[in-house]
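Okay, so here's the structure we're looking at.
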Amino acid sequence: ESEVKSPLWFTQANGILTEVFFPTIDKGQIKDSQFYVTDHKTFVLEESKDFEHHVHVLSPSRVRLVNVNKAKGVTIIHEFFSLKDSPTLVDEVTVVSERDGLDFYLLSNPAIDNTGFYDSAAIYQNGFLMSEGSTQLFIESSVGFRKRSVGFVGHSDGHQDLAQDKQMDFDFEVAENGNVATFGEFDLPKVKGEYRLHVLYHFTQHKEIRSQIETDFEAAKAAFEQSWQRYLQDKRSPKFRNKQEADLYWRSLVILKSHEDKLNPGALIASLSIPWGEKQYETAGAKIGGYHLIWPRDLYHAAMGLILAGDMKTPINALRFLKKIQYQKSDGVWDYNPRVIPKEGGFPQNTWVTGESYWGGLQLDQVGYPINLFWQVYRRMSASQQQLLKIEFDSMIKKGLDFIQKYGPWSAQERWEENFGLSPSTFSSATSALMIGGELYKGTEAGESYYKT
């Protein structure tokens, strides 16, 4: 079991920090955070758009982002890691400037508690404090900030500020109840050279925020790496033809495992992202779901990858999560006039880590996949373990099989969530589940009926 107990997850794209999730894997807190560079006369560089982006895999759990603008002689290098047992994300940054007179800035765009609505930002201690309700994000830097400002995205943020005259003119101390951003000028020398700094993102709920600038970052980075090495050390792998294949395999295994929530074991989400995010419109008070939710189908595929690597603990926890979210008698019906289908035995289209469903469609393959996952775990166990598994999951399996038997192979929604009917994908998931039922309950009336179906 990985010892990384930091209740946060982070992603990177286009050379910068993108979503950060805390304290559960389905709750986004940051949209993005990136550097800006200007000579105050001729150019303003935005890190995600005006640099070439390179990714170097250092180990299964760590990558180095190298962003280069050759024309302006600027390189920015990032390595991200979390502090052990702490909701703190560290960005270890190396800035290389080949010219004098440059200033470097950090523009952070939070989306506290999954949306940009109702956020507030303020100048705080030596950094910035953002909040919504009980959730807080404190950003600080090891070199401090010469200038700081907070504002509203698209109106008074740092991007708008520099776009006007290539100078940082804004110095607002508070921005309340809106889509906020923070902007700070790093206290770095304005002469060419190579500079190392750390940017820290601290998340809390109901707790006092403390600076952690005095952290031994080399030791913290080593602890982050070692905790993942402990998870990987007893895992299986195929034979590799070269180092690239080995790197890809072990990195992929870390990525799969990192899609599990730490407070709800077995809750494996589809992806640390929001689908069609560039076209996602928020409305006040509405929850914004997306791939950072649990789909039984995606959970099955992630769990299968872990099974094949020799991790049986996570897939068994995944089965327990599925058992928790399976619909019961009290959950009502799907009304597909003229067909009315009781939900009992089915599974939600997708859910939050709490088990609360988000989208409400019926996708029959997602009733078949939990049974297939049970079988893949079951067939790898000893006879005594199989007995215990059967006792624990008997009700879930039978209810799922009965649902498929009564209402399949028709599906209200296909796996792409757009069409009703029947496809090879749904049909294979449902029929293989019935065949598994026949094997599991061989010699019983139920087992014979699953085979006949």
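The values are calculated or read from the model by the stated rules, or taken from the named source; none is laboratory data. Since we're looking at a predicted model, the values are computed, not measured. Positions of Cβ are generated from backbone atoms using ideal geometry, with glycine treated the same way; all protein chains shown enter the neighbour counts. The protein model used for the area step is the full one, side chains on, heavy atoms only, and it has no ligands, DNA or RNA in it. Shrake-Rupley method; radii C 1.70, N 1.55, O 1.52, S 1.80 Å.
Does the stretch 233-333 come out rounded, prolate or oblate by the C-alpha gyration tensor, with a ≥ b ≥ c the root eigenvalues, rounded set by a/c under 1.5 and, if not, prolate when a/b is larger than b/c and oblate if not?
Note, shape of the stretch 233-333 comes out oblate.
What number, rounded to the nearest 500 deg cm²/dmol, is the helix-based mean residue ellipticity at 222 nm of the chain, given -39500 (n - 2.57) per DSSP H run of at least four residues and division by all its residues?
Estimated from H runs of four or more residues: -9000 deg cm²/dmol.
Suppose each label sits 7 Å from its Cα in the direction of the beta carbon; what would the HIS40-VAL333 distance come out to in nanometres?
Once both label points are built, they end up 7.2 nm from each other.
Quick check: pseudo-label points 7 Å beyond the Cα along Cα→Cβ at GLU417 and ARG241, how many nm apart are they?
So the two model labels end up 3.7 nm from each other.
Apply the a/c threshold of 1.5 to the C-alpha gyration tensor of the stretch 138-244 and tell me whether it is rounded, prolate or oblate.
Note, shape of the stretch 138-244 comes out prolate.
Pairs of Cα atoms under 8 Å, at least six residues apart: use those to get the relative contact order of the chain, whole percent.
RCO, the chain: 12 percent.
Among residues other than ASP402 whose Cβ falls under 13 Å from its Cβ, what is the net charge (Lys/Arg +1, Asp/Glu -1)?
Surrounding charge for ASP402 is +2.
Under the classification rounded if a/c is under 1.5, otherwise prolate if a/b is larger than b/c and oblate if not, where does the stretch 85-134 fall, given a ≥ b ≥ c as square roots of the Cα gyration tensor eigenvalues?
prolate
Count charges around VAL44 for me, please; just the other residues with Cβ under 12 Å from its Cβ, Lys/Arg as +1, Asp/Glu as -1.
Result for the neighbourhood of VAL44: -3.
Leaving out ligands, DNA and RNA, and with a 1.4 Å probe, what % of the accessible surface on the chain is carbon or sulfur?
The computed percentage sits at 51.
Quick one: compute the contact order of the stretch 299-394, relative version, from alpha carbon pairs under 8 angstrom and 6+ residues apart, as a percent.
For the stretch 299-394, the relative contact order is 23 percent.
Where only protein heavy atoms count, and the probe is 1.4 Å, what is the accessible area per residue for the chain in Å²?
It amounts to 45 Å² per residue over the chain.
Given R₀ = 56 Å, what would the calculated FRET efficiency be for LYS207 paired with GLU439, taking r from the Cβ atoms and rounding to 0.05?
0.65
Please give the peptides 124-133, 156-165, 55-64 ranked by average Cβ packing (other Cβ atoms within 10 Å per residue), highest first, as a rough proxy for protection.
Per-residue Cβ counts within 10 Å, averaged per peptide and sorted highest first, yield 124-133, 156-165, 55-64.
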